[in-house]
1. Averaged across A:76-88, how many Cβ atoms of other chains sit within 10 Å of each residue's Cβ atom?
2. Could you work out the relative contact order of chain C? I mean the mean sequence separation of Cα pairs under 8 Å and 6+ apart, divided by the number of residues, in percent.
3. Quick one: of A:Lys61/B:Lys244; B:Lys243/C:Lys250; C:Lys158/D:Lys108; A:Lys173/B:Lys43; B:Lys2/B:Lys325; B:Lys2/C:Lys180, which pairs are farther than 23 Å apart, Cα to Cα?
4. Which of B:Leu310, B:Gly300, B:Tyr283 sits closest to the plus end of the dipole of segment B:283-332, meaning its Cα is farthest towards the positive end, when Lys and Arg get +1 and Asp and Glu get -1 on the C-beta?
5. Taking segment A:1-82, which GluC sites (Glu not before Pro) meet the DSSP loop condition and have no more than 14 other C-beta atoms within 10 Å?
6. Return the Cα extents of segment A:4-100 along principal axes one, two and three, sorted largest first, each rounded to a whole Å.
7. Lysines within cross-link reach of C:Lys226: Cα-Cα under 16 Å, excluding same-chain residues under 8 positions apart?
8. With the cut-off at 30 Å, tell me which of the pairs A:Lys19/C:Lys45; A:Lys134/B:Lys334; A:Lys205/D:Lys78; C:Lys7/C:Lys144 have Cα atoms farther apart than that.
Amino acid sequence: MKSLYNRLCEDVRFIEGIKACMNCGVCTAICPAAEFYDYDPRVIVNQVMQKDDTVIEGLLKSDTIWYCGQCMSCKTRCPRDNVPGLIISVLRKVSQELGYFTESKKGRQQLVVKRNVGDTILKYGYCVYPRTLKPELHPEQGPAWEWVYNHPHEVYERLNGNFEQEGAGTLRKTSPEVLGELKAIFDETGGTEFFEIIEKYSLEKAQKMGMATSDNNLDAYINHVQSQ
Amino acid sequence: MKVQGKRKIWHDYQKEIADDHYYYVRSCIRQNFFPASEYYFLKILKDVLGKDVFDDPKHTTCTGIGYHADIIPFETIQTVVARHFALMTEAGYKNFAVSCVTSFGIYSEITETWKEFPEELEKTRIALKKSTGREFKVPANITHTSDLIYKFKGDIAEKQVHELINKKTGKPLQIIEHVGCHYAKIFPSKGVGGAEFPNVLTGMIEEWGGEVVDYPERRHCCGFGFRQYLVQGNRGYSLANSKKKFESMKPYHPDAIICNCPGCTMFLDKWQYVLSETEGKTYGAYGSGIPVLTYEELAGLVLGYNPWDLGLQMHQVDSEPLLDKMGIEYDPEKKYLGKKDQYIGQPCNIVASL
Amino acid sequence: MIQLSMKKNILTIGGGVAGIEASNILAGMGYSVSIVEKEVTLGGKVNQWHKLFPDLRDASDINDYLKKRVKQPEIMVFTNTEITSVKKTDDGFYAKSNRAVGFEAHAILLATGFDVFKAERKEEYGYTIYDNVITSVDLEKQFKKGGAIHTTGGKTPKRVAFIHCVGSRDAKTGNHYCSKVCCVTGVKQAIELSHLLPDAEIFCFYMDLRMYGLEFEELYKSAQEKHNIQFIRGRLSEASENIDNTILIKCEDTLSGRPLKMNVDLVVLLVGMEAGSGTHAAGELCKLNFQENNFLACSDIHLGRNCSSREGIFLAGSCIGPMSIPETLDNARSAALEIHKFLSKN
Amino acid sequence: MIDFGFTLSETRTIDYEQFDGRLLNYVLQNEPSFLTCLSCGGCTATCSAGNLIEFNIRKINLLLRMGEYEGLAREIDKCMLCGKCILICPRDINIRNVVMLIKKGIVKYKNE
């Protein structure tokens, strides 16, 4: 079996993201995640640089790699041209490919992201869609959004949108042909397989945790992981 | 603070922005929360500036939110991006105008990756051809839509109806500019003014009569954090980062916040509501919030469009204090009415809103 | 045209520490030397310094020493003069200048020195934008001028931060190398400042403290022990101005592994050394090879320190790379020997 | 109040403006050698307690300098006062005395 480090190296983003860290800390200094989580991008780069598979496996199974918010502020500043944010993307990818993500609380949340954003993309052609932003799941969106959610046709019509209609314009209906192309791209490039992997390992974990029903419903698991 | 120092930096970072003929791609977040901003962007470009913009129903999300939340493989997003380039090529365009800042970052990162790793470009060409039969050319010019408004800010100023000036005091409005992280932090040279002192919004604000507030946490992220917001239990991160910015800007008494990223506009708006609900904290004058606007909304107000046509009623923080300062007339009764002035419901607790 | 006796001629380009020291030794060996200096006066960068590390002696001591070394008529000095072309001749070179004077030389010595890193290129530190962000060169000039240290607002600083590695060890500015002297300069200036501001808290933000020279480490220890200078291991990530014109600085305290923020009244950026525009121009004129870091390339990094990529053209001082004054003096002397070896052979 | 399903995250940043320097000054006045710590980690490497339990004697310097007194009180109790660190310290710091002073200081300033 190829080493985990070599596996990371197969991704061009990893090659682009890792040069040689000199432990200066400019990334951590301005990292939004380092301020609010027990997280230090400098340490991650150093751990990965050790090329030690035990250390990397530990990372892939940890909460740590899931704290980054992908703002990429680290890229602007690093005096050695490292990109901790890109390294994180590759660690997260491999963690999911190998099913290690279900070993950590934060990693398990990937199912929530897949079910929300991932399924929305293939259903509506966009990552966010008014129908999927339920006020009960998004109380922070406040009363203004609740109003829009409850009257989408009227509100979007008022603002010259084209909600769920043919043709161009905001929130137009994405045609079945276009959705078909999107799906074909996902099938061809591993996007569909990646979704299946997330579902598969999540189901296994939910079963182990006693949170899957006999017909493989994962609602209880999802409710649990998204509040962690 | 010495402005000459900043002007020097702005002078150094002048990106190339195409003059006309753009292929336009929409933003997931902007069309959901600020649909009128996209509508007015196109209207301003076509009707006010006489530019040619192609609004193609065939394009989709770039999948950027999913990508940065790590559920979309790099190969997949490269191919989705390539499909958009193919649509642009087929439509006969070579300038690509992007409504979303995260998408703009994605397009920039992928085209740069293709330069450095040509094998990725080849793989993508094959994958796109196999899955859709399409072929593409890489755009000659990729801009964020705020770049275009920046480029034509002077033409807009010539048709200006309202200035960014407090009508009562005659003084320039104090405006916070918040530039989305993925606009210039990934590639400073691809942003007007660079990453540290971006000029893209500052240029508009100054051109239209306002003054920009430089506060200590100006560069800090709004806190979206992709998975940090998308998963409910993680939203404390997102909220805390926005709060950090509000606390830092509060001493400057800003009149408004202007963003070029749709996500930032939405979060800086909504998190003020949450902080008001959970901590009883507000950051504007007299217990109100600080209005948060997109640059399209700002351009629209400057050009004299009706605030409710611009969609300011979709914001959680009321924009009326800003409209009052600018001397813009509006009908409060019509704020939440429909296209034919009919009743279409209204936010349940507008009294308690900011 | 300057044509001198039967003696062999040497043209020294650059009249700073390296140029003067090497010229003096060569003159002593019986060569006729011309020094060309683009500035109005000789002395180079030392003219701007107040006190020198590690012993805090007056920089003017070095100036006085150098003045005495310029013995005329063995050494002819052309200030306000720049070389405009260098051509190979049968027995050496012919150099034209911007003035009505040309030079026949059997050997050329480049001692064109360095430029100070332009701190405004580290945009995120706000030099030339934030009032209370200055460089170590600004501070040195202030020391030299004398008088009390104030912020722009006229306040006596209560807290000062020295920032190490500004423009050095930094891919973002293209300078991957270590400028070497900034660490000890920071410690020296922090100590001097602590005398002027006895009530102030003084911090140094560093990645590594490279106290490589004689008595450098001792100076560092005394800064900690006797002058209460505090050292925090973390590189400055960004500086921003607060509403009261103090500066908010952010770094990671890398020893505790946590982000750190601090408001300070004054930020001093310890700017590094870059191959100067003079070095670049002279190197181009002489068609020499450069190192990747834009300093001039030596023929052999161990054995040919003072030899350029071209026969008959020699290098001395900080046109080769960052150097302290004692090192520059040593380097200049070895350059003189190298030239002597070359001219005796021919 | 509305239940948003999450709470505001707490900052981890060391904020120097919140710094209470009394304990630090007390230690430095009574054991000035501590000023010269290099954070080299020699003490931690040789530490009797640190070899058995999660304890990093080097970090007490950082905790003290950043005013993290709560963590400091917890950490300092792990020291066995064996004094091996003094033997190894390249800057000859009387670390044992530093530990004693911190213990005393914590009690002293708690009641002030």
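1. The per-residue average across the peptide is 5.
2. For chain C, the relative contact order is 20 percent.
3. A:Lys61/B:Lys244; C:Lys158/D:Lys108; B:Lys2/B:Lys325; B:Lys2/C:Lys180
4. About the Cα centre, the residue reaching furthest to the positive side is B:Tyr283.
5. Passing sites in segment A:1-82 are A:Glu10.
6. If we take the Cα atoms of segment A:4-100, the spans are 31, 26, 19 Å.
7. Counting by Cα, and skipping residues close in sequence, C:Lys226 has these lysines nearby: C:Lys188.
8. Flagged as over cut-off: A:Lys19/C:Lys45; A:Lys205/D:Lys78; C:Lys7/C:Lys144.
Read-outs throughout are calculated quantities, based only on the coordinates presented, and are distinct from any laboratory measurement. In this text, all values refer to a predicted model and were calculated from it rather than measured experimentally. A quick note on method: Cβ atoms are made from the backbone with ideal geometry, for glycine too, and the neighbour counts reach across all protein chains shown.
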